[in-house]
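Worksheet: one structure, shown below.
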Amino acid sequence: MEGGSGKDSYHRNSGLQAQGFSSAHAAIEQAIASSAPLFLDSSLDVIRIADLGCSHGSNTIQALDFVAREIIRLREQVGDRKTLEIQAIFSDLAVNDFNTLFALVPHPQESITDRNSPAWNRDCMFVSRSSPPAAIEAFAQQASDDLSIFLHSRAQELVTGGILLLMFPIRLSHELNEDDFSLQSVWKDLIQEGLLSQESLDTFNFPTYVRSGDEVRSSLGSVDQQFTVIHSENLKFPWLDPQSSSYAATATKFWKAVSKPFIQKHIGNQEVVELMYERMPSKVTVSSPFGEVDIVLLVLVKK
């Protein structure tokens, strides 16, 4: 089956299969109702639903969602509102485009793209010192949740005495850096020229947040019963020399490799995206954040 989400993809050409599943709705509802004692078992914490021929289109997401909602509805009818984890298992041919499938799974939106929210990060692709306080808080909270969940998950996988090594960028200051990013400057130029809309920038936020030392320690504190920190060190990587003649070109190549998939998916116009990176070197300055990178190195041992 054709992968991706283009005009010839299975994702866009599987309406017949979708109709087939719709015709089975009543039978599925009846089957779930007839097995009510199974789904209403108060000792259940997890229910697993498997699609053993999932392909990679939106049909399988919609099918699993339908089944999950029916189970929840059945439990709510008898007044059972206990938190229940529902896990989905997808299985099919190894050559299937599972990346496209998982990208179709709906994710809750942060308030940073909601125009009516105080956290709306308008006119910025990154959170910075000049962003609304609520936007900064939203990014910080998401970063905290992500690291805590990551550490809790690794704690379940490691044996006692197992070692976990972490390296990631860190912010030495309590405050975020001021907004000074060359690709964003190019984006705004293209808006002025009518090649991109203001909406395109207002609704885009690069999925990154550089944690402060205090924020890292807070996340580590949430798992101090599971890990012992045996080594902690801040490192400074002298990445690019701002005085080098290749500074702007190298910085652009790096950011293109890192950011293009996100921006391409968001904008959808390959020619305009390529134009952004063509213009980016002219915007890179000595003060652009490409010179040195602060890294934290942590070595943790599972208790």
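The values are calculated or read from the model by the stated rules, or taken from the named source; none is laboratory data. Everything numeric here is computed off the predicted structure, so don't read it as measured data. No Cβ is skipped: glycine too gets one built from the backbone with ideal geometry, and neighbour counts run over all protein chains shown. To get the accessible areas, we keep the full protein, side chains included, count just its heavy atoms, and leave off ligands, DNA and RNA. Shrake-Rupley method; radii C 1.70, N 1.55, O 1.52, S 1.80 Å.
Here are the numbers for the structure shown:
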{"item": "Subset of the stretch 63-113 (residues that are free of Cβ contacts under 8 Å to residues at least 24 places away in the same chain and either touching a Phe, Trp or Tyr at 6+ places or on another chain (Cβ under 6 Å) or basic (Lys, Arg) (or both))", "result": "69, 73, 81"}
{"item": "Residue that is touching a helix residue (DSSP H, G or I) at 6+ places or on another chain (Cβ under 9 Å) and assigned to a strand (DSSP E or B), where the choices are 275, 220, 298", "result": "298"}
{"item": "Of all residues making up the stretch 124-134, the number that are open to solvent by 40 Å² or more (accessible area, probe 1.4 Å) and within 21 Å of residue 189 (Cα to Cα)", "result": "1"}
{"item": "Residues satisfying the stated conditions in the stretch 84-108, i.e. open to solvent by 80 Å² or more (accessible area, probe 1.4 Å) and at pLDDT below 80", "result": "106, 107, 108"}
{"item": "Subset of the stretch 192-204 [over 30 Å from residue 148 (Cβ atoms) and open to solvent by 30 Å² or more (accessible area, probe 1.4 Å)]", "result": "192, 193, 194, 195, 197, 198, 199"}
{"item": "Any hit, the stretch 247-262, residues being touching a strand residue (DSSP E or B) at 6+ places or on another chain (Cβ under 8 Å), open to solvent by less than 80 Å² (accessible area, probe 1.4 Å), of a type in the set (Val, Ile, Thr) and within 30 Å of residue 223 (Cβ to Cβ)", "result": "no"}
{"item": "Filter result (among the charged types (D, E, K, R) and out of contact with any Lys or Arg (no Cβ under 9 Å at 6 or more places or on another chain)) within the stretch 187-223", "result": "188, 193, 199, 214, 217"}
{"item": "Residues of the stretch 162-185 classified as within 28 Å of residue 260 (Cβ to Cβ) and either open to solvent by 60 Å² or more (accessible area, probe 1.4 Å) or touching a strand residue (DSSP E or B) at 6+ places or on another chain (Cβ under 6 Å) (or both), total", "result": "8"}
{"item": "Every pair of residues 6+ apart whose Cβ atoms lie under 9 Å, when the first sits in the stretch 223-234 and is touching a residue at least 12 places away in the same chain (Cβ under 8 Å) while the second is open to solvent by 80 Å² or more (accessible area, probe 1.4 Å) and polar (S, T, N, Q)", "result": "226/156"}
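Residues checked against (1) surrounded by 14 or more Cβ atoms within 10 Å (Cβ to Cβ); (2) in a helix (DSSP H, G or I); (3) modelled with pLDDT under 90:
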{"site": "148", "(1), (2), (3)": "yes, yes, no"}
{"site": "153", "(1), (2), (3)": "no, yes, no"}
{"site": "160", "(1), (2), (3)": "no, no, no"}
{"site": "187", "(1), (2), (3)": "yes, yes, no"}
{"site": "206", "(1), (2), (3)": "yes, no, yes"}
{"site": "215", "(1), (2), (3)": "yes, yes, no"}
{"site": "228", "(1), (2), (3)": "no, no, no"}
{"site": "245", "(1), (2), (3)": "no, no, yes"}
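Residues are listed down the side, and each one gets a yes or a no for (1) over 17 Å from residue 15 (Cα atoms); (2) part of a helix (DSSP H, G or I); (3) touching a helix residue (DSSP H, G or I) at 6+ places or on another chain (Cβ under 8 Å):
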position: 37; (1), (2), (3): yes, yes, no
position: 43; (1), (2), (3): yes, no, no
position: 50; (1), (2), (3): yes, no, no
position: 53; (1), (2), (3): no, no, no
position: 60; (1), (2), (3): no, yes, yes
position: 66; (1), (2), (3): no, yes, yes
position: 73; (1), (2), (3): yes, yes, no
